[in-house]
Amino acid sequence: MRRLTPVLALGALLLTTLPAHAADGPAHRESYGTKAPYESRQGAHAYQRPPAGFEPVLTENVSRHGSRAATGSEDGDLVLGLWDQAQEDGRLTEEGEEFGPTVRALMAAMDKVGYGNLSGRGRQEMRDTATRMEQRLPTLFAKIADEGEKIDVVSSGQGRAVDSAAEYTGALAAADPALKPLIGATRTDKDLLYFHKAAGGAAYRDYIANDQRLKGTLNAITDQPRTHQAARSVLRRIFEKSFVDGISDQVGAAQAIYDLYAIAPAMIQESPDGRGWGLDRYLSRSDAAWFGYLGDAEDFYEKGPGFSDSDITYKMAGVLLDDFFRQAEARRAGTGDLGAELRFTHAEEIIPLAALMGLPGSTQPAAPGEPYAYADDPWRGASVAPLGANIQWDVFHRGDRYLVRMLYNEKETAFKAGCRPISRGSAFYDLDELERCFGRG
């Protein structure tokens, strides 16, 4: 997260952005932001049945990689440098005595996994999600096996996405060994699944690097009294007051502690007892919620709905939405030979795709001069793009009619406002209707 200089013009507007202060206790899932581990959002027996006579002919998805280690050691290095100095000076709190050894053990575990690589939890998330997909669509996968249809697998090419694909497809093959020879080698398509770093993301990268309104808005959100209060509160759990007084960048130090707290659940299987690292004891629930909000604000403006007068953060996701339509349309036209199209990517692709598609929680941008706030905007990183987040379209047909059902983190989800399901409350949409609704006619 940025540590930026204040912009006072928006300061008065931000008094309403604070999340409600909660009592100390186990942190709410929202406080982890987009580092929240994956949870399936619908029970196995709660899905609607397709209309009579309709059979599945294609499933296609895009999935964020599973839970992972931190992408680098910077946060741990920073806080351990402070902890070592405080220990030498005899200025640790009683609770803080345990902090250093815990962080060292966590860093050793992440180093062993490999920074940025899938953790044990992340690998299990991928396997479990794949197994549930196969169980939801048994007749489709039996058809794929019987008719020798192909399962295409594509990733961003980044290690954790490639490994996620391997875990996912390995679980499908384990569920039905007849699928194994039909699963293609994972191919790389950065234009499709790493578009924020590809040619199609050039304007977006310029926005991130140079847009002064973006910088000013994030400055004003971050550099307000509540941030400094939360930072000091976090540090005082570990260090004595005199030591905290001497830390020149208290927000930066507390942010590093929060970042370790946020990644710790992803590393639960690597903890000494397999039950977790206990870093939540160093952040009150309200302080964790505040830092979670700051992270959500950054993701909201840099990847999500952003400003209401601009689509720069999500327009580039059109290449991925186009591919969803392309696969479904090819199946309808009889030109596609795939039974499944499986894509593996990152939060930088899932978040803008959710905004472009108008998925729940991603429909409300912020008006200029009215900063994103929990109080009046439903966008939450932990819901929009947790680790392992996925969007799935299942295509069914009867004769020449094709229906699509969408799952978002495995929950049946309506398409955006203006798209009409086949009947009120139905999860199924005519493909023709979706083409009309998304302007593909």
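Brief remarks on what is shown
- Selected residue (criterion: nearest to Tyr38 (Cα to Cα)) from residues of region 258-277 that are small (Gly, Ala, Ser), part of a loop (DSSP other than H, G, I, E, B) and touching a residue at least 12 places away in the same chain (Cβ under 8 Å): Gly276
- When Asp287, Asp311, Asp323, Asp337 are screened for being within 30 Å of Ala253 (Cα to Cα), touching a helix residue (DSSP H, G or I) at 6+ places or on another chain (Cβ under 9 Å) and charged (D, E, K, R), only Asp287 passes.
- The residues in region 204-229 that are of a type in the set (A, V, I, L, M), farther than 19 Å from Tyr293 by Cβ and either touching a residue at least 24 places away in the same chain (Cβ under 8 Å) or in contact with a Lys or Arg (Cβ under 7 Å, 6 or more places away or on another chain) (or both) can be counted, and the count is 1.
- For region 166-200, the set of residues classified as more than 26 Å from Asp322 (Cβ to Cβ), surrounded by fewer than 20 Cβ atoms within 10 Å (Cβ to Cβ), in contact (Cβ under 8 Å) with a residue 40 or more places away in the chain and of a type in the set (D, E, K, R) consists of Asp176 only.
- Answer residue from region 201-257, given it is among the hydroxyl-bearing types (Ser, Thr, Tyr), assigned to a helix (DSSP H, G or I) and more than 30 Å from Pro305 (Cβ to Cβ) and is least open to solvent (accessible area, probe 1.4 Å) among those: Ser233
- Residues located in region 25-46, provided they are of a type in the set (Gly, Ala, Ser), in a helix (DSSP H, G or I) and in contact with an Asp or Glu (Cβ under 8 Å, 6 or more places away or on another chain): Gly33
- Subset of region 176-225 [among the acidic types (Asp, Glu) and either within 21 Å of Met316 (Cβ to Cβ) or in contact with a strand residue (DSSP E or B) (Cβ under 6 Å, 6 or more places away or on another chain) (or both)]: Asp189, Asp191, Asp206, Asp211
- Among helices (runs of 4 or more DSSP H) entirely within region 47-165, having at least 1 residues that are open to solvent by 50 Å² or more (accessible area, probe 1.4 Å) and more than 30 Å from Asp400 (Cα to Cα) singles out 74-89, 99-113, 120-136.
- Put simply, of Ala340, Ala330 the only residue that is part of a helix (DSSP H, G or I), at pLDDT 95 or above and small (Gly, Ala, Ser) is Ala330.
- First in region 137-154 and farther than 16 Å from Ala185 by Cα, second anywhere and open to solvent by less than 50 Å² (accessible area, probe 1.4 Å) and polar (S, T, N, Q), Cβ under 9 Å, 6 or more apart: Leu137/Thr59; Leu140/Thr59; Phe141/Thr59
- Qualifying residue in region 43-61 (condition: modelled with pLDDT of 95 or more and closer than 21 Å to Glu348 by Cβ): yes
- For Arg232, the criteria (1) without any contact (Cβ under 8 Å) to a residue 60 or more places away in the chain; (2) within 30 Å of Gly157 (Cα to Cα) hold in every case but one, which is (2).
- Positions within region 345-375 being of a type in the set (S, T, N, Q) and within 14 Å of the chain's Cα centre (by Cα), in sequence order: Thr345, Ser362
The values are calculated or read from the model by the stated rules, or taken from the named source; none is laboratory data. Please read these numbers as outputs of a predicted model, since none were measured by experiment. Note that we place each Cβ from the backbone using ideal geometry, even for glycine, and neighbour counts take in every protein chain shown. Side chains included, ligands, DNA and RNA excluded: accessible areas come from the protein's heavy atoms. Shrake-Rupley method; radii C 1.70, N 1.55, O 1.52, S 1.80 Å.
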